[in-house]
Amino acid sequence: MATLIHTLADHSDDVNYCAFSSSCLATCSLDKTIRVYSLSNFTELPYSPLEGHKYAVHCCCFSPSGRVLASCSTDGTTALWDSRDGRRLAVLEQPGASPVRVCRFSPEPTCLLAGAADGSVVLWNVQSLKLYRSGKVKDGSLMACAFSPNGNFFVTGSSSGDLTIWDDKMRCLYNEKVHDLGVTCCDISSHPVSDSENGFKYFQMVSCGQDNQIKLWLILFADFLGVQLKYKCTLNGHSAPVLACAFSCDGQMIVSGSVDKCVIIYETSTGNTLHTLSQHTRYVTTCAFAPHSPLLATGSMDKTVYIWRLDLKQPCAGDIVENESKVAVEDWSEDDVSAWLRAQDLSDFVGLFKMNNIDGKELLNLTKESLANELKIESLGMRSKVLQKIEELRMTISVSIPDEFLCPITRELMNDPVIATDGYSYEREAMENWISNRRSSPMTNLPLHSLMLTPNRTLKMAISRWLETQQK
């Protein structure tokens, strides 16, 4: 169900947090930096790492559009960065200069929440860069926060073990102690659930804490009823404090990371454990699902971030869902391509693609050169956007290819597989390019004892046989 496909080991100290946008992954660390990677090939962007914080960076998050990245630090500030070029846009100083532990954008992109060690909660207007509202939790440091999908309320969690529900005017609506030794993380699913008995819609929330527990909650937010927090169940499996938890984009799964070095993926509806991942060698501090692709990132005090590919039974919200007959992308008609463009908010290109008879096969073969020279898309920004959406589409297709046939570096079907001295198989050209610049394993980041590459003829024959079955 979950396959480790890439390891990021660029941080020189504990990884504290990771966050996805539709095209990037951001990670932050005790080493005072934020690093940003492309989801198309997991290479670090040219402007990364982002530097400027004086002390450890505890949290980072993208705005709803993905164009702004926020980071917060022990230095008492929250910084805003342009995710397109890495420019620092602003530095927001927490009142009292207390270390900022968590930051989160509201679904309303002008609003950013920052919570600090002194319990202060601040809402910033990121357009005016002015403090909009402020408050303070009843007791303890603020350790976690999450917004409802509609932005009408948000939840904070504190080191005293309290969950507090606030409305968008920063009025405290509800407070309850839920984790004896302190809340470490919380998340709210973007998919409400219906109560057939009374017709209400509930928001699902997950919280975790130093008490080794993960708890699932239902929140009812209604003007005439106020706020109700209903305990649903406890998810078991961890043997030590749980430091991170998150919902998948469709709300059907929950992931958690713990001091026991394990990552556990649960089915939300039943609470059953779907998978336990135990590759990290120290505490797992953060975990996050990608919004529009079957990817999971986990970060740890072992200084690494692991990228996992999930074999999803159901597509994530925002993914392209093929029609009832499950037509492969390569077999899409021009009308299928037009529908895909509209779903990706690229409706302006429908006429252009139809005029050039772009079907599914043509779509997958488009490059930045063909977008510029053949389709005459002049705007570099729009070419990049179209190409990124095509890259995401290619990633969803690769899920159906047996993972052992994909090169761990390029994530593409191997044509000339070779075995390196780390025991893994790679596409020859990709591995030759890799070892021309470094002498470490792409999979483990450990030194390679030799640069010798041995043809993997058995794997090549298996790939050939598989390709023959696909052509029948």
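The values are calculated or read from the model by the stated rules, or taken from the named source; none is laboratory data. Just so it is clear, the model here is predicted, and its values are computed rather than measured. Here the Cβ positions follow ideal geometry from the backbone for every residue, glycine too, while neighbour counts run over all protein chains shown. Ligands, DNA and RNA are excluded from the accessible area calculation, which covers all protein heavy atoms including side chains. Shrake-Rupley method; radii C 1.70, N 1.55, O 1.52, S 1.80 Å.
Overview of results
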item: Dipole-positive endmost among Ser141, Cys60, Ser106 within segment 58-154 (Cβ charges, Cα centre); result: Ser106
item: Segment 1-92: chymotrypsin sites (Phe, Trp or Tyr not before Pro) falling in loop per DSSP and having at most 14 other Cβ within 10 Å; result: Tyr47, Tyr55
item: Gyration tensor (alpha-carbon) shape descriptor, segment 1-51, a/c threshold 1.5; result: oblate
item: Cα coordinate range in segment 329-396, projected on the principal axes (Å, largest first); result: 27, 26, 20
item: Mean projection area, nm², convex hull over Cα of segment 402-456; result: 3.3
item: Loop trypsin sites (Lys or Arg not before Pro), segment 1-60 (other Cβ atoms within 10 Å of the site Cβ: 13 or fewer; DSSP); result: Lys54
item: Inter-part distance where segment 330-387 and segment 31-50 are each reduced to a Cα centre, Å; result: 27
item: Amide H contacts of Ile409 (H built 1.01 Å from N, under 5 Å, at least 5 apart or other chain); result: Glu427
item: Positive-end residue of Leu448, Ser384, Leu406, charge dipole of segment 352-472 with Cβ unit charges; result: Ser384
item: Residue-span extension gain [Met452 to Ala9] - 0.36 nm each, minus C-alpha spacing; result: 157.2 nm
item: Degrees separating the helix 428-437 axis from the principal Cα axis of the chain, which is the longest one; result: 60
item: For Ala117, net neighbour charge (Lys/Arg +1, Asp/Glu -1) across residues whose Cβ lies under 14 Å away; result: -1
item: Qualifying trypsin sites (Lys or Arg not before Pro) for segment 343-431 [loop in DSSP, other Cβ within 10 Å: at most 14]; result: Lys376
item: Phi to ³J(HN,Hα) by Karplus 6.51 cos²θ - 1.76 cosθ + 1.60 over segment 65-82, Hz, x for Gly, Pro; result: 7, x, 7, 10, 10, 10, 9, 9, 8, 4, 6, x, 10, 10, 9, 10, 10, 7
item: Additional length obtainable on full extension of the chain from Glu432 to Ser333, 0.36 nm per residue less Cα span; result: 31.9 nm
item: In Hz, Karplus ³J(HN,Hα) per residue of segment 135-140 (6.51, -1.76, 1.60; θ = phi - 60°; x = Gly, Pro); result: x, 8, 6, 5, 7, x
item: Rg/Rh for the chain, where both radii come from Cα atoms and Rh is the Kirkwood radius; result: 0.97
item: Formal net charge of residues neighbouring Ala56 (Cβ-Cβ distance under 15 Å; K, R +1; D, E -1); result: 0
item: Within the accessible area of the chain (1.4 Å probe), percent carbon and sulfur; result: 47
item: Hz values of 3J(HN,Hα) by residue in segment 202-218 - Karplus curve (6.51, -1.76, 1.60), Gly and Pro given as x; result: 10, 8, 8, 10, 10, 9, 9, x, 6, 8, 6, 10, 10, 10, 9, 10, 10
item: Amide H within-cut-off set for Ala244, under 5 Å, with H built and near neighbours excluded; result: Gly257
item: Heavy-atom surface of the chain, accessible at 1.4 Å and reported per residue (Å²); result: 45
